[in-house]
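The values are calculated or read from the model by the stated rules, or taken from the named source; none is laboratory data. Just so we're clear, the structure is a prediction, and the values are computed from it rather than from any experiment. So basically every Cβ, Gly included, is an ideal-geometry build from the backbone, and we count neighbours across all protein chains shown. Heavy atoms of the whole protein, side chains included, go into the accessibility calculation; ligands, DNA and RNA do not. Shrake-Rupley method; radii C 1.70, N 1.55, O 1.52, S 1.80 Å.
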Amino acid sequence: MVRRTVRLTGREASVAHLAAGFARIRHELEIPEEFPPDVLAAATLASAQVAGDAGDSWADLRDLEFVTVDPPGSTDLDQAMALRRRPGSNGGYQVDYAIADVPAFVAPSSLIDRTARSRGQTLYAPDRRIPLHPPVLSENAASLLPGEDRPAFVWRFELSATGELLGIDLVRALVRSRARLDYAQVQQAADAHPGVVDDHAELLVRQAVLLREIGLARMGLERLRGGASLPLPEQQVDAVDGHYRLVLRPALASEDWNAQLSLMTGMAAATIMLDGGVGLLRTLPAPDPAALERFRRQAAALGVRWPVEQSYGELLRSLRRDVPRELALMHEAGALFRGAGYTPLAPGSPPPVVTTHAAVAASYAHVTAPLRRLVDRFGLVTCHALVAGRPVPGWVLEALGELPELMATSDHLAGQLERRSTDLVEAAVLAHRVGQDFDAVVVDRNHSGAKVQLLDPAVLASVRDPQGRARLGHPVRVRLDAVDLDRGAVTFVVS
C-alpha cells in the first residue's frame, strides 16, 4: 500500500492542537501505543541471549564496509549496504545487502511473536511512530546501528554493468555498519562527484556514487519492464503566525536509488519462492479504467500534460519534483496502487492465478523490512531455507494461511490512521480561510456533489453542488463553508 507521510515542524506549542488531534485519532482506532511489561521483559531477555550467542550461528562478514541510508534520526535500521565494483574489464557490481536478522530475536509462538502478529507493522502518525517490536529490539539490539556487531541475512548479488542480476546468494552473517547516513548526505556526496571515483575515495563518496550508478541502472531496467515507481512527496506542516501552511517536500533522487535495492531484493525473493513453490508474494492488480480516467482528470486539473499514448508509469517518471502542481499529482497517484495483497504459495496447493505486482511489473515479495513489517520475517526464513536447499521450517508453513489476513487488517488500520491524520492536517491548514473562494477543477462526481482538486493549497476535497453546476474536467470556483477541526472535516460549496 502506498503511504503518505506527514511531518510537523515549528515550536511544540504551535502544533499542540494537531498533536492532540493525532492522539485522539490513535485512541479512537484503539492503536496500542505501549508494550506490556511482560513483552518488554521478554524482548530484553532475547536481546541478551542473542548477544551472548554472537559469532556462534552466523558467518563473519564484518570486514565488509556496510553503511545504512535512512531518514535523519532513524534508529530502527533494517538494511545496510556494501557496494563494490566487480573486478575485471567487463565491469559490473557486487552488492551485499544486509537485512536485520529479526528471527534470531523472535522465537516462533513466543510472547514477542504473538504481540508482533497482533500489530502487523509499524504505524506512522505525523507526530510519532508506533513500533512493531519493542524498542529494545527495533531500535537497539536488532537494529543495524553503526559500530555494532549485528546478525543479519545478507543478500549477495552480482550485477552486470547495466544492472542485470547475474548471481545471488543468501547467508546469515555477523555484520558491522561503518556509518549511519541520511539521504541528503548521500545526495550531496553524489552530486559533488558526478563521475566514477576510485577505491581510495572516502567511504561516503564511494557508496554514494555506486548507489547512484546501480540505482540508475536498475531504474532503466524498470522502465523496460513497464514498472511504475511512486516516490510520494512528504506533506510538511509549518506553523506560521498562528496558522498552518502545507508544503509538499519532494523525495530526493538518492531515495529512488536506495529503493531500487529493496525492489531488486524483493523480486529476487519472489523468484526464489516461485521456484521453490512456497512463500508469500506481494501482489497488485493493474489500475482499473475508472481509476485511470479519474487520475487523467486530476492531471488535467493540475495543468499536467499527459499524452494519450503515454503509460501512467511513464507519466509518473516524468513528473518534476520542484513543480508544486506536479508534486500534488504524484500525491494523488496513490489511488492507482490500490488492491495490493499477499498471495501464499503453499506446498501441494494449486499455483495462484495472480503472481505479479503491477507497479513493479514483476513478481515481488516483502523481505527487506523485518523490524517494521511482520511478513518480512517469514519471507527471509523461507528464502534462506530454499537457497540452502533445506526444508522451510514448519512454523513458517503454518503461518502462510494466516499472514495475508493479519497483514490486511494491519494495512487497513494503517490506512485509517493515514487518512484521518491527513484530513486533520488539511482541515487545520484551511481553518483560517473559511468564507474564501478557491480555484479548483472537478475530478469526480457522486450522488451528493463532486470531488474537486484545489490548485492552492493542493487539496482534494468534496463539495456540495445542489444545482449540479460542477462538470467533470471543468474549472470551478468553490467556497470554504466550514471547518470542523475536531472531526478533521472541511465543507466546500460551489460558488
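Simple spin-label model, 7 Å along Cα-to-Cβ: Val323 to Ala335 in nm?
2.1 nm
List the residues, sorted by chain then number, that are 5 or more residues from Ala489 or on another chain and whose placed amide H is less than 5 Å from its amide H.
Asp484
From the backbone phi of region 183-199, what are the Karplus-calculated ³J(HN,Hα) couplings (6.51 cos²θ - 1.76 cosθ + 1.60, θ = phi - 60°) in whole Hz, Gly and Pro given as x?
Couplings: 5, 5, 4, 5, 4, 5, 5, 5, 5, 6, 10, x, x, 6, 10, 8, 5 Hz.
Share of Cα-Cα pairs in region 92-153 beyond 20 Å, in percent? Spell out each step's value before the answer.
On the way: 685 of 1891 pairs.
Value for region 92-153: 36 percent of Cα pairs lie more than 20 Å apart.
May I ask for the percentage of alpha-carbon pairs in region 343-495 that lie more than 18 Å from each other?
Values: 8106 of 11628 pairs.
So the portion of pairs separated by more than 18 Å is 70 percent.
So what's the angle, to the nearest 10 degrees on a 0 to 90 scale, between helix 37-52 and the longest Cα principal axis of the chain?
Long axis of 37-52 versus the principal axis of the chain: about 40 degrees.
Label points 7 Å out from Cα along the Cβ direction at Ala48 and Ser118: separation in nm?
The modelled label-to-label distance comes out at 2.4 nm.
Within region 436-495, what whole-number % of the accessible surface is contributed by carbon and sulfur, with the 1.4 Å probe and all protein chains included in the calculation?
C and S atoms contribute 44 percent here.
What distance in nm lies between label points placed 7 Å from Cα along the C-beta direction at Ala23 and Arg62?
4.3 nm
Could you derive backbone 3J(HN,Hα) for region 201-213 from the dihedral phi with the Karplus parameters 6.51, -1.76 and 1.60 (θ = phi - 60°), listing whole Hz in sequence and x where the residue is Gly or Pro?
Here the 3J(HN,Hα) series is 5, 5, 4, 4, 5, 4, 5, 5, 5, 5, 4, 5, 4 Hz.
Once R0 is set to 22 Å, what does the formula 1/(1 + (r/R0)^6) return for the Cβ-Cβ distance between Leu111 and Ile31, expressed as a FRET efficiency to the nearest 0.05?
With a Förster radius of 22 Å, E is 0.65.
Efficiency by 1/(1 + (r/R0)^6): what FRET value for Leu216 and Gln467, r their Cβ-Cβ distance, R0 = 56 Å, to the nearest 0.05?
Working: r = 52 Å, r/R0 = 0.93.
Step by step, r from the Cβ atoms, then E = 0.60.
Based on the alpha-carbon set only, what is the convex hull volume of region 95-207 divided per residue, in Å³?
Values: hull volume 18.2 nm³, N = 113.
It is 161 Å³ per residue.
What is the dipole size for the chain, taken about its Cα centre, with +1 at each Lys and Arg Cβ and -1 at each Asp and Glu Cβ, in debye to the nearest 20? Please list the in-between numbers first.
Values: 53 positive and 60 negative charges, 265 e Å.
So the dipole magnitude of the chain works out to roughly 1280 debye.
Would you kindly compute the Cα radius of gyration of the chain and its largest Cα-Cα separation (Dmax), both in Å?
Taking only Cα atoms of the chain, I get Rg and Dmax of 23.5, 74 Å.
For region 254-269, just list the computed ³J(HN,Hα) in residue order, Karplus coefficients 6.51, -1.76 and 1.60, θ = phi - 60°, integers in Hz, with x standing in for Gly and Pro.
5, 5, 5, 4, 5, 4, 5, 5, 5, 4, 4, 5, x, 5, 5, 4
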